[in-house]
Amino acid sequence: MSVLNFVLSLFYSYPLLAPVVVLAAVFIVLSLHKIGPTEVGLVTKRFSFKKLTKDNPVAFNGEAGYQADLLMPGLRWKTVLVYSVDKYPWIQVPAGEIGVVIAQVGSPLPIGAKSAVYKKEFANFSDLRTFIQLGGQKGVQRPVLPPGSLVPVHPVGFLIITRSRVYGEPISPELCAKMGRGGELMPASLGLKSEQLELVRIEPQPRAKDGSTLDVVGIVTTYEGDPLPSGDIASRLGGFADVAKMETDNSSTARTRSIHFSSAWKWCRCSSSSRARSASSKPTLASPHRTPAVRTSNTVRSFAPAIAAFGKSLCAPANIRSTRVATSRK
């Protein structure tokens, strides 16, 4: 009671103190923003001495308007007199669906392009500053968000289209005019059907009259990119550089094996000649070199078939006939 009496007496002594305390409390409460665990806070600056000079609706240097930096989950402070904060949910792509990404900021697409160039630094489009600094382009992005994605994406920088809803805040007057009564866009408003936002499954399908299934494959046709080289009827991701490298490596390996076989075959011929000379010398019983000569001949005779077989295995990939080995063994 003593503290309460002291406060009341203080207010009684200074009549203007009570309104000031009340205004300060209201100011603090309105400047604190609680962002949920799966929410982001979109900050809008009410006024500034700087103005947006480009055609992007998002401010990166403190200009008035939508700010590039989002408020992450937690209790955040933004002065209510300068900023306003709107809460948006994180992007969540359900299982079995994909999320099509449309950028509302960035550089314009080149003439004739249908989708924007993607760089690995863009990752899952959660960093708007990196996207702009590295030359991100407006329009449909080539990669999609896979099933199960949970990403804090800037609601003005990007629109994410799933089968059930469209995440983000459209800024185009044409898109704003297509909003429903609840103020939300639907995939049909952007010309997409619900089945186009599902995963494409390549699986056996019943096609025969008796109900049996047939195996199928998926052939991808792209409507954008460089034309095929002259004479080609199909392409593949990464081109055919790996196939050309494999052919070059196989050719080098074949030449190496051919050289090894040629060396082994020459050694086999030399061993056979040495054995013939040893047999024709006919040493006497008193010669001290009789036993070593017999041992040398036996050694050559035992190793020659193994060497010939080794040479035969080496020359097979190089398409070399094995008749030369058989001749040397005779």
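The values are calculated or read from the model by the stated rules, or taken from the named source; none is laboratory data. Here the structure is a predicted model, which is why all the values come from computation and not from measurement. Positions of Cβ are backbone-derived with ideal geometry, glycine not excepted, and every protein chain shown enters the neighbour counts.
Of note:
- Residue in region 86-101 that is over 24 Å from LEU197 (Cα atoms) and outside any strand (DSSP E or B) present: no
- Restricted to region 187-212, and to residues there that are among the hydroxyl-bearing types (Ser, Thr, Tyr) and modelled with pLDDT of 80 or more, the residue that is nearest to LYS114 (Cα to Cα) is SER189.
- Residue in region 133-155 that is aliphatic (A, V, I, L, M), out of contact with any strand residue (DSSP E or B) (no Cβ under 9 Å at 6 or more places or on another chain), over 22 Å from LEU52 (Cα atoms) and not in a strand (DSSP E or B) present: no
- Residue selected from region 46-77 under the condition touching an Asp or Glu at 6+ places or on another chain (Cβ under 7 Å) and surrounded by 15 or more Cβ atoms within 10 Å (Cβ to Cβ), by the criterion modelled with the highest pLDDT: PRO73
Residues are listed down the side, and each one gets a yes or a no for (1) out of contact with any Ser or Thr (no Cβ under 6 Å at 6 or more places or on another chain); (2) closer than 21 Å to LEU159 by Cα; (3) among the basic types (Lys, Arg):
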| position | (1), (2), (3) |
| --- | --- |
| LEU8 | yes, no, no |
| LEU30 | yes, no, no |
| LYS34 | yes, no, yes |
| ALA95 | yes, yes, no |
| VAL101 | yes, yes, no |
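- Here the condition is being more than 18 Å from the chain's Cα centre (by Cα), under 27 Å from GLU198 (Cβ atoms) and of a type in the set (A, V, I, L, M, F, W, C); of LEU145, LEU109, LEU150, it holds for LEU109 alone.
- Applying the set (1) more than 30 Å from SER189 (Cβ to Cβ); (2) in contact with a helix residue (DSSP H, G or I) (Cβ under 8 Å, 6 or more places away or on another chain) to LEU75 leaves exactly one unmet item: (2).
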